[in-house]
Amino acid sequence: MDLALVGILLIFLGVFVIIISSFSNSSKVEWAFGGFIGPVPFGFAKNKKMLYILLAIMTIFFILTIFFQKRYI
């Protein structure tokens, strides 16, 4: 599976989750934002639990990225 296709599918999944969550009646908003600067992950979140979840997910994606790069080189 092409890595670009995985990225596009994840973007569509995120948009779908946002649309579905907009129909819920919950007024409590939890948010987290993260990214990579080179190989170093960073993140911002509303609380520590969300930050830890975000960093765990980003670490998994980082490991998958290295795996796919080693596999296709």
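Backbone phi angles across the stretch 10-20, fed through the Karplus curve with coefficients 6.51, -1.76 and 1.60 (θ = phi - 60°), yield HN-Hα couplings of 5, 5, 5, 4, x, 5, 4, 5, 5, 5, 5 Hz in residue order; Gly and Pro are listed as x. Taking Cα atoms only, the orientation of helix 48-72 departs from the longest principal axis of the chain by about 20 degrees. Summed over all non-identical Cα pairs, the Kirkwood treatment of the chain gives a radius of 14.2 Å. With the helix formula -39500 (n - 2.57) applied to DSSP H stretches of n ≥ 4, the chain reaches a computed 222 nm mean residue ellipticity of -21500 deg cm²/dmol. Close amide H partners of LYS46, meaning residues 5 or more places away or on another chain with modelled amide H under 5 Å apart, are TRP31. A Förster distance of 22 Å, applied to the separation of the beta-carbon atoms of SER21 and THR59, puts the FRET efficiency at 0.35.
Readers should treat all values here as calculations from the given coordinates under stated rules, not as data from a laboratory. The structure displayed is predicted, hence computed values, not measured ones. Glycine also receives a Cβ, built like all others from the backbone with ideal geometry; neighbour counts cover every protein chain displayed.
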